[in-house]
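Chemist: Supplied in structure tokens, the structure appears directly below.
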Amino acid sequence: MVIGDILFRIQSRTLRGAVVIVLAVFLAGCEQPPVQVEEIVRPVRYTHVVPIGAAQTRIFSGVTKAALEADLSFKVSGTINRLDVNVGEQVAAGELVASLDPTDYRVMFGQAEAGLEQARAELRNARANFARTRELYENRSVSKSDLDNSRAAAESAAARVRTALQQLEAARLRLSYTRLEAPQACTVASKHAEINQNVLANQPVVTLNCGDCAEITVDVPGVYIGRVENGTEVEVTLAALPGEVLHGVVSEVGIATDGGRVAYPVTIVLQERCEAVRSGMAANVALVISSGDSEEGMVVPFVAVGEDQTGRFVFVLEPTENEYWRVRRRAVVVGGSALDGVLILSGLEEGELIATAGVRRLTDGQIVSLLGQTEA
């Protein structure tokens, strides 16, 4: 039955018009093209397939710091009467950074000097008395006990002189402690006090950053630390210096963990651009580590290998005509665990790219993009 027959059978002119409108809307809707849903390209982490015995580059994060970070403080308490340095200012070795009002310590130094003079006078008197008593004893004019008493008095006076000398030295040191000097050529990193402020002994006043080039300390897991040696050259990238790759050298390799962690501290000293690197900059250190394994095969991270009813597999990334990549599922033969991941006996070739995260959510033929240049 066609639409004309339907309209002919409808007797009511008004009803016939309503049906025409409804059919027109229906037919117009049928002619619209289907809505196209744009495919979402998912980014994935990846890594290159390498032989099990090959050296691999591992990225470790850290923060730059000065070769020497010194919190300068006075060894005595007092009122600051001089603090002329400013943050970012260069100070030379031995240069005065800050000083305390020395009045009280000069008074104590003077008292110590007076005490020493008094002790020396008492010593001279005691020695003269002992000499007279000894002559009288030789002439049998005094007893042996008188001689012993005069000798003891002279020895006691000598001891008081030594004590007075020590007190004078202590007073001299306390007076010298009112001056705060730079231990070497440094840069003022921060100030923690101001002029006329009362400070306690050992209270930080100024923080100095010293040394020619900054250092970076990174935490290296225990499985790698045995293959890191002093003098190893590394590459360093800084967020503050985009596009630049700096060279550094491993200067210290930790032999114990810190604070119950399973990683060991490794210190790297930068070899260039020292003037542009400041303390507190985020840094990534690329450290080349040899696996040391003698087996044959390829090694991939544990998270790159999936398994289902058909066996174990990985997702290989193949380039497309544009900047995207196509996921291809590939069966692999696993030979066991390696130090850096899983040993693959067959199914992969050196240099291929494989996905290393979200393997269970990928499908064969899916289009993806590479997540930056960070290897898992």
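Chemist: Give the lysines whose C-alpha is closer than 30 Å to that of Lys191, dropping any in the same chain fewer than 8 places away, or say none.
Modeler: Within the straight-line cut-off, Lys191 pairs with Lys65, Lys75.
Chemist: Provide Tyr177, Tyr224, Tyr324 in ascending order of the number of other Cβ atoms located within 10 Å of each residue's Cβ, fewest first.
Modeler: Numbers: Tyr177 17, Tyr224 20, Tyr324 13.
Listing Tyr177, Tyr224, Tyr324 from fewest to most nearby Cβ atoms yields Tyr324, Tyr177, Tyr224.
Chemist: Is any residue of region 261-288 close enough, with backbone N under 15 Å, to a label point placed 7 angstrom from the Cα of Glu229 along the Cα-Cβ axis, and if so, which?
Modeler: Answer for this model: 288.
Chemist: Same structure, new question: What distance in nm separates the two pseudo spin-label positions at Val253 and Ala152, each 7 Å out from Cα along the beta-carbon direction?
Modeler: 6.7 nm
Chemist: Return Cys274, Cys186 ranked ascending by Cβ neighbour count within 10 Å, so the fewest neighbours appear first. It would help to have the intermediate numbers written out before the result.
Modeler: On the way: Cys274 14, Cys186 26.
Going from sparsest to densest Cβ surroundings: Cys274, Cys186.
Chemist: With a cut-off of at most 11 other beta carbons within 10 Å, and DSSP calling the residue loop, which GluC sites (Glu not before Pro) in region 214-267 qualify? Please list them. Intermediate values should be presented prior to the final figure.
Modeler: Numbers: sites: Glu215, Glu229, Glu233, Glu235, Glu244, Glu252; in loops: Glu229, Glu244.
Within region 214-267, the qualifying GluC sites (Glu not before Pro) (loop, at most 11 other Cβ atoms within 10 Å) are Glu229.
Chemist: Give the calculated FRET efficiency between Ala92 and Thr163 to the nearest 0.05, with a Förster radius of 30 Å applied to their Cβ-Cβ distance. Working shown, then result.
Modeler: Values: r = 39 Å, r/R0 = 1.30.
Here the calculated transfer efficiency is 0.15.
Chemist: Another one. What distance in nm separates the simple spin-label points at Ile40 and Glu321, each placed 7 Å from Cα in the Cβ direction?
Modeler: 2.6 nm
Chemist: Just to confirm a number: summing +1 for Lys and Arg and -1 for Asp and Glu over residues other than Lys65 whose beta-carbon lies under 10 angstrom from that of Lys65, what do you get? Can you show the working numbers first?
Modeler: Working: positive: Arg278; negative: Glu69, Glu215.
Around Lys65, the charge tally is -1.
Chemist: Now, a different point. So, in nm, how far is label Ile195 from label Thr103 when the simple model puts each one 7 Å beyond its Cα toward the Cβ?
Modeler: Result for the modelled spin labels: 1.7 nm.
Chemist: Can you spot the lysines whose alpha carbon is less than 24 Å from Lys144's alpha carbon? Ignore those fewer than 8 places along the same chain.
Modeler: Within the straight-line cut-off, Lys144 pairs with nothing.
Chemist: I've got another one for you. Limiting things to C-alpha atoms, what are the Rg and the maximum Cα-Cα separation (Dmax) for region 80-197, in angstroms?
Modeler: 24.6, 80
Chemist: With viscosity set to 0.890 mPa s at 25 °C, what whole-number translational diffusion coefficient in µm²/s follows for region 174-258 from Stokes-Einstein and a Kirkwood radius over Cα pairs? Don't jump to the answer; show the numbers that get you there.
Modeler: Working: Rh = 17.2 Å.
Once the numbers are plugged in, D ends up at 143 µm²/s.
Chemist: Which FRET efficiency value, to the nearest 0.05, is calculated for Gln309 and Thr363 with the Förster distance at 25 angstrom and r the Cβ-Cβ distance? Could you put the intermediate results ahead of the total?
Modeler: Values: r = 16 Å, r/R0 = 0.64.
Rounded to the nearest 0.05, the efficiency is 0.95.
Chemist: Stretch Arg124-Thr79 to full length: gain in nm at 0.36 nm per residue minus the Cα-Cα span? If you can, show how the numbers build up before the last one.
Modeler: Numbers: separation 45, 0.36 × 45 = 16.20 nm, distance 4.06 nm.
Taking 0.36 nm per residue and subtracting the Cα distance, the gain is 12.1 nm.
Chemist: Right, something else. Once fully extended, how much extra length lies between Arg329 and Ser176, figured as 0.36 nm per residue of separation less the alpha-carbon to alpha-carbon distance?
Modeler: Values: separation 153, 0.36 × 153 = 55.08 nm, distance 7.55 nm.
Fully extending the segment from Arg329 to Ser176 adds 47.5 nm.
Taken together, the values in this text are just the output of simple stated rules run on the coordinates, not laboratory data. Just so you know, these numbers come straight off a predicted model, no measurement behind them. Because the Cβ atoms are built from the backbone with ideal geometry, glycine has one as well, and the counts that use them run over all protein chains shown.
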